[in-house]
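The values are calculated or read from the model by the stated rules, or taken from the named source; none is laboratory data. Fair warning: this is a prediction, and the values are worked out from it, not measured in the lab. Positions of Cβ are backbone-derived with ideal geometry, glycine not excepted, and every protein chain shown enters the neighbour counts. Ligands, DNA and RNA are excluded from the accessible area calculation, which covers all protein heavy atoms including side chains. Shrake-Rupley method; radii C 1.70, N 1.55, O 1.52, S 1.80 Å.
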Amino acid sequence: MEKQNIYILGIESSCDDTSAAILCNGKVLSNVVASQKIHELYGGVVPELASRAHQQNIVPVIDQAIKQAGITKEDLSGIAFTRGPGLMGSLLVGTSFAKSLALALDIPLIEVNHMQAHILAHFIEEEEYAIPEFPFLAMTISGGHTQIVQVNDYFDMEIIGETIDDAVGEAFDKSAKILGLPYPGGPLIDKHAQLGNPKAFPFPKPKVGELNFSFSGLKTAVLYFVQKQVKENPNFVAENLNDICASLQYTIINILIDKLKKASKKTGIKSIAIGGGVSANSGIRKALKDGEQKYGWKTFVPKFEYTTDNAAMIGIVGYLKYLKKDFTDMSITAKARIKF
Ligand code: KG4
Ligand code: ZN
């Protein structure tokens with residue numbers, strides 16, 4: 001008898017991207033992302049505007065994902081959605097929609113932890129992208145997250161280090177704002193950094209214990225540094241932008257790599273996977289590759305569309321849970337703060 005195809009609809013709405021994806025037996029057929037431009041005007045995500053935009057986007061985004069996959073909603077086997085962590089108003093939109101559609105179609109509902117999904121995104125099969133073997137270390141680095149997780153199995157993960165204040169993406173974005181660059185400034189810092197001298201200006205590295213991170217002090221250091229220099233030379237930022245960006249990026253990458261080195265030493269694990277928007281950064285990609293030679297690491301960076309917030313990663317977790325029949329009750333509610 002022919003094996004029945006399992007079609008999963010994944011829905012992601014935890015922050016400022018509304019996304020829907022269709023997976024068939026764990027392979028991505030479509031992955032539609034509507035990014036909300038409105039926040040650029042405010043230099044950061046405005047929660048109330050984000051949830052309103054999700055409400056406007058969710059129906060057309062899901063519709064498009066189903067059409068692009070070449071199926072109909074009646075073909076769906078289950079619906080996976082991000083329960084948390086994230087912005088409450090944003091999560092509510094995806095959660096309510098997933099519940100209603102699962103109820104209407106009478107198919108299983110599957111809750112997904114957003115952070116677990118960033119990690120399990122590495123299990124989406126794509127040509128030319130290797131899949132890590134257990135156990136491995138996963139570092140999630142984005143505008144909302146900075147964690148090092150020991151991954152023993154699909155659903156056996158332990159957070160062994162995380163930020164005690166800002167996420168690394170915030171360090172990029174907030175420093176960029178101080179330098180007069182538009183939001184989100186991370187990619188722009190990266191662009192300028194490639195043209196500058198990373199040793200031009202020394203920025204302090206935070207002293208924070210064990211495998212945890214702290215980035216709020218760095219942002220303050222950048223602010224004081226720029227204020228001091230601008231007093232002496234009003235054109236300081238414009239004249240030194242590449243060097244400032246290169247120095248800042250160098251400091252941030254050093255912080256991340258130092259913690260990975262510590263984590264690898266502590267756990268004895270040399271397989272390292274990264275995810276989240278900051279993994280697009282040219283400096284971290286190069287530093288990881290260098291780590292393969294220097295420390296004998298095996299490193300994994302997923303396809304870019306699966307590193308930033310997306311529904312394909314929600315869909316892959318949905319598929320893995322579907323296989324285990326790990327379904328969710330209709331009484332489920334969104335949760336802004338959850339661990340796994
Ligand atoms: O994963 P993501 O799209 O959304 C969440 O924050 O969850 O990550 C966005 C973050 C922003 O802080 C952005 O500035 C940063 O990723 N980012 C980068 C680069 N590309 C995106 N930071 C540094 N270098 C980049 N090339
Ligand atoms: Zn995320």
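Can you give the alpha-carbon Rg of the chain over 2.2 N^0.38 Å, where N counts its residues?
The reported ratio for this selection is 1.02.
Give the carbon-plus-sulfur fraction of the accessible surface of the range 242-340 in %, rounded to a whole number; probe 1.4 Å, heavy atoms of protein chains only.
Here it works out to 52 percent.
With n ≥ 4 as the cut-off for DSSP H runs, can you work out [θ] at 222 nm for the chain, using -39500 (n - 2.57) per run divided by the number of residues, rounded to the nearest 500?
The helix contribution divided over the chain gives -14000 deg cm²/dmol.
Per residue of the range 20-35, what does 6.51 cos²θ - 1.76 cosθ + 1.60 with θ = phi - 60° give for ³J(HN,Hα)? Whole Hz please, x for Gly and Pro, Karplus curve as stated.
9, 9, 10, 10, 10, 6, x, 9, 7, 9, 8, 8, 9, 10, 9, 8
Quick one: compute the contact order of the chain, relative version, from alpha carbon pairs under 8 angstrom and 6+ residues apart, as a percent. Mind dumping the intermediate values first?
Details: 707 pairs, mean separation 85.5, N = 340.
Computed value for the chain: 25 percent relative contact order.
Hey, what did the range 231-340 get for relative contact order, percent, Cα under 8 Å, at least 6 apart?
It comes to 22 percent, rounded to a whole number.
Between helix 47-69 and the chain, what is the angle of the helix's C-alpha long axis to the longest principal axis, kept within 0 to 90° and rounded to the nearest 10?
Roughly 50 degrees between the two axes.
Could you check the simple spin-label distance between T333 and A200, using points 7 Å along Cα→Cβ, in nm with one decimal?
Taking the simple label geometry, T333 and A200 are separated by 5.2 nm.
Just going by the charge dipole of the chain, with Lys and Arg at +1 and Asp and Glu at -1 on Cβ, which of P47, T140, T95 is farthest out on the positive end?
T140
Estimate the FRET efficiency between D153 and A238 by the formula 1/(1 + (r/R0)^6), using the beta-carbon distance for r and 45 Å for R0, to the nearest 0.05.
Numbers: r = 51 Å, r/R0 = 1.14.
The value I calculate is 0.30.
Return the distance in nm (one decimal) between the two label points of a simple spin-label model at K37 and L323, each offset 7 Å from Cα along Cα→Cβ.
4.0 nm
Excluding residues fewer than 8 places away in the same chain, name every one of the aspartates and glutamates whose C-alpha is closer than 19 Å to that of K298.
Answer for K298, where 19 Å is the Cα cut-off: E125, E126, E127, E128, E133, D153, D258, D290, listed by chain and number.
Across the chain, where is the longest run that never hits GluC sites (Glu not before Pro) in a DSSP loop with at most 12 other C-beta atoms within 10 Å?
The reported range is 211-340.
So which trypsin sites (Lys or Arg not before Pro) in the range 173-268 pass both tests, a DSSP loop state and at most 11 other Cβ atoms within 10 Å of the Cβ? Don't jump to the answer; show the numbers that get you there.
Details: sites: K174, K177, K191, K199, K207, K219, K228, K231, K259, K261, K262, K265, K266; in loops: K199, K207.
The qualifying sites are K199, K207.
Could you give the size of the charge dipole of the range 132-301 about its Cα centre, using +1 on the Cβ of each K and R and -1 on the Cβ of each D and E, expressed in debye and rounded to the nearest 20?
Result for the range 132-301 is approximately 520 debye, rounded to the nearest 20.
What list of ³J(HN,Hα) values in whole Hz, one per residue of the range 295-310 in order, does the Karplus curve 6.51 cos²θ - 1.76 cosθ + 1.60 (θ = phi - 60°) give from phi, with Gly and Pro shown as x?
Listing the rounded values in order: 10, x, 6, 10, 10, 9, 10, x, 3, 4, 5, 9, 8, 7, 4, 7 Hz.
Ignoring ligands, DNA and RNA, what percent of the accessible area of the range 136-201 is carbon or sulfur (1.4 Å)?
In the range 136-201, the share of accessible area belonging to carbon and sulfur is 51 percent.
If you roll a 1.4 Å probe over the heavy atoms of the protein chains, what accessible area per residue do you get for the chain, in Å²?
46 Å²
Hey, what angle do you get for helix 236-267 against the long axis of the chain, alpha-carbon based, 0 to 90 degrees rounded to 10?
In the chain, helix 236-267 runs at an angle near 60 degrees to the longest axis.
If you restrict to DSSP beta bridges whose two residues both lie in the chain, what percentage is antiparallel, to the nearest 5?
DSSP beta bridges in the chain are roughly 60 percent antiparallel.
Could you count how many Lys pairs in the range 1-146 have their Cα atoms under 18 Å apart, skipping same-chain pairs fewer than 8 positions apart?
4
Treating the angle as unsigned and between 0 and 90°, give the value, to the nearest 10°, between the Cα long axis of helix 216-232 and the longest Cα principal axis of the chain.
40 degrees
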